[in-house]
Structure formats: structure tokens, C-alpha cells
Amino acid sequence: MMVRDLLDTKGNPFYQTADRQLFIARRDGKPIGRIAAIENRAHNDFHEDRVGFFGFFESVDDPDVARALFLAAAQWLRARGLTSMRGPMNPSTNHDCGLLVAGFEQHPQFLTSWNPAYYERLLRVAGLQPIKDLLGYWLPYGDAGYELPRSLAALAQRAAANTHLAFRDLDASHFWDEVTICWDVYNSAWERNWGFVPMSRAEFMHMAKSLKPLLFPQFAFVAEVDGAPAGFMLSVPDFNEIFKRIPNGRLFPFGLPRILFGKSGLRRGRVLALGIKAEYRSGSILPLFLHEAARRAIEFGSPGAEASWILEDNTAIRQPIEAIGGRVYRRWRVFEQPLG
């Protein structure tokens, strides 16, 4: 259902500034591979370039099949005047993206991509080259003997006093007003990140609508400085723990009740977004966020959470995460190919 929504050119606001073409490879009438070619005009307007994208790639372990799929996507993108093909983006950096290249033995967290290990070889054989790595950190709140560094707790106390910063849960009774606040913070906080594309209000609201029934209120919270929104953090429970217990992958008739009744028992999660407005990005705000998230998780009885994805070269956020015991345990890779 989620993938269908991400491909829905009529119902998903992403396609108000984008187009896509879908390709399926068949052998003897049997589907053996797929790919989407994507023109994201919002990306190219924002970055002033002519990059095309591919996504939703799946294939049997056959280099000829992969080459044929990437050739079809490249031809479609080239015909639209685009100069390179980058991905996987499903369908953009605001969604599921990157090819898993390390951490296959780990449980795949909710709303992250997973693929067989041979996919990287297929992409390289087809002529695509790595351009950026995205990291997944494990935050080990439930490990035996884990405790927050005392220095971080002391920093949090000083920063709270000096910055007049306070945290509060999203107010479910004014959910859409709260989402508007998060949308404003999101576009401000990520604007200088590699590959970032601002989300329209319609896009952000569309995504929020799908996430609303999945959230735990205590893990969707806003930071305010003197009452003004300064940042927000959003974590989602790991529903994949429930999906693993639904062998046929269907919501009806038994899947949906398992999800509804199983949600309260979920303790693992994924930090999906943490954004701080540029004007509030002092050296102490991020550690305060991490301290608050860890405090809530420990109080909740969480064994841990994944923080992803994080750019490998984003040392400004990697260092504080590692200071509270976070470790890299999964890695995704973005590839690109010129369309000369």
C-alpha cells in the first residue's frame, strides 16, 4: 500500500513537480525485475542542475537483466534532457533511499530500504558509481550498564538554563497545526544537506497523514525557545516486528488486528527526523535533543533505536551521536551514472 502511494501520480502531491516512468523486465512472461525512472523538477530547480533519478529497483541476480533495466531508465531520462542518473531514490531523499551495502544481518527497521547483497554488484556492472554513503546508527539504550554520559547530562542542564529551551509532546488535539510547525522547521533545518529537496506543504501533510496512526506521542516532540518553535524530533515504532508475524503480508483479514493490538508492545523504534532551525543551531541544542530522546527512551523501556539516515560526512551530528554510545551498524549507498 505504501509503495503504491509513492507511485501514485494522481494522488501523491510529490508528482505535482515530478514525473516517473515504470519499467518491468520479463522472461518467458514472468516478471524478473523492475525500475522507476524519475524526473524531480523540484530537485533540479532547487539545486540548479539536471539530475535524473531511478528508484524502486528490484532484480534477479542477472547482470543482463539489470543492464536492460538501467538502460531503459537512462533512455527515458536522457530524452527529457537530464544529464545523469542517481539513486536509488524511492522516489526522493525525503523518502526511502539508498542501496543497503552493509548491515544485512541486522533486523531491517521500519521505513528503511533492504535489498539482497548482490544488488551492489549489479549496479556496478551496469556502470553506476558510488557518490554518497548514508549511515544507520544503533542507539543502545537497553544495553546492560548503559547510562548517559554525565558530561552530557551536565551540558543539558546548563544549556536548558542558558537557552530557555523546553520540550513538549505534539498536541494531538491540534495535530495539523503542529504538522505545519514541523513542516516549517523541516525545510529550514535540512536546506543545506546534500540532496535535500524542500517539501511542499501538500507533500508534508500527505506524509503526516500516513504517519499519524503510527506515532507514539512521547516520541514526537517539539523544542521551543522562549515559546518559539526551534526544532522537532520524530521517531516511529518498529512495525516491522509485527509485519514479520504476518506471513502473507496482507492487512486483511488478520494483519490489521495484529498491527492495532501489537502497537502497544513495541519498544524498538527509528529516529526518523531531527531538525533544528538554523538560527538555533548553537553547540548545545543538538546534545539537548539527544539527551531528551535518550531520557524518554530509557523511561519507556526501549532496548534501543535506530537513527537513520545520516550522511557519512555530517560530522556535526555524528560526533554527538557517538558521544552517547551510538554506533554505525548499517550503511546505504547512493550511486550515479552520467547520461552523456
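Close amide-amide hydrogen proximity is noted between residue 333 and 99, 100, 101, 134, each under 5 Å apart and 5 or more residues distant or on a separate chain (H modeled in the peptide plane; Pro and chain starts excluded).
From its DSSP helices (H runs of at least four residues, each -39,500 (n - 2.57)), the chain gives a residue-normalised ellipticity at 222 nm of -10000 deg cm²/dmol.
Under a model in which nothing but the beta-carbon of Lys, Arg (+1) and Asp, Glu (-1) is charged, segment 13-89 shows a dipole of about 180 debye around its Cα centre. Taken about its Cα centre, the chain carries a charge dipole of roughly 800 debye when the Cβ of each Lys and Arg holds +1 and the Cβ of each Asp and Glu holds -1. Mean sequence separation of contacting Cα pairs (under 8 Å, at least six apart), scaled by the length of the chain, corresponds to a relative contact order of 25 percent. Average accessible surface for the chain: 48 Å² per residue, computed with a 1.4 Å probe over protein heavy atoms with every protein chain in place.
Distances over 15 Å make up what percent of all Cα-Cα pairs in segment 66-128?
Counting every Cα pair in segment 66-128, those more than 15 Å apart make up 59 percent.
Which value in Å is the Kirkwood Rh of segment 1-152 over different Cα pairs?
17.2
Heavy-atom accessible surface of residue 83, to the nearest 10 Å², is about 80 Å², with a 1.4 Å probe and all protein chains retained. Over segment 196-318, what relative contact order in percent results from Cα pairs under 8 Å that are six or more residues apart? It comes to 24 percent, rounded to a whole number. Taking all protein chains together and a 1.4 Å probe, the residues 2, 85, 207 rank 2, 207, 85 from largest to smallest accessible area. With 5 Å bins beginning at zero, the pair-distance distribution over Cα atoms of segment 201-276 amounts to 3, 13, 20, 21, 18, 12, 7, 4, 2, 1, 0 %.
Can you give the local net charge around residue 321? Use residues other than it whose beta-carbon is closer than 13 angstrom to its beta-carbon, Lys and Arg +1, Asp and Glu -1.
Numbers: positive: 318, 327; negative: 306, 312, 322.
Here the count lands on -1.
A dipole drawn for the chain from +1 and -1 charges on Cβ atoms has a positive end, and of 170, 70, 190 the residue lying farthest that way is 70.
Placing +1 on the Cβ of every Lys and Arg and -1 on the Cβ of every Asp and Glu, with no other charges, gives segment 233-340 a dipole of roughly 480 debye about its Cα centre.
The values are calculated or read from the model by the stated rules, or taken from the named source; none is laboratory data. These numbers were taken from a predicted model, which means no experiment stands behind them. Using ideal geometry, Cβ is built from the backbone for each residue, glycine included, and neighbour counts are taken over all protein chains shown. Accessible surface is based on the protein model in full, side chains and every heavy atom, while ligands, DNA and RNA are left aside. Shrake-Rupley method; radii C 1.70, N 1.55, O 1.52, S 1.80 Å.
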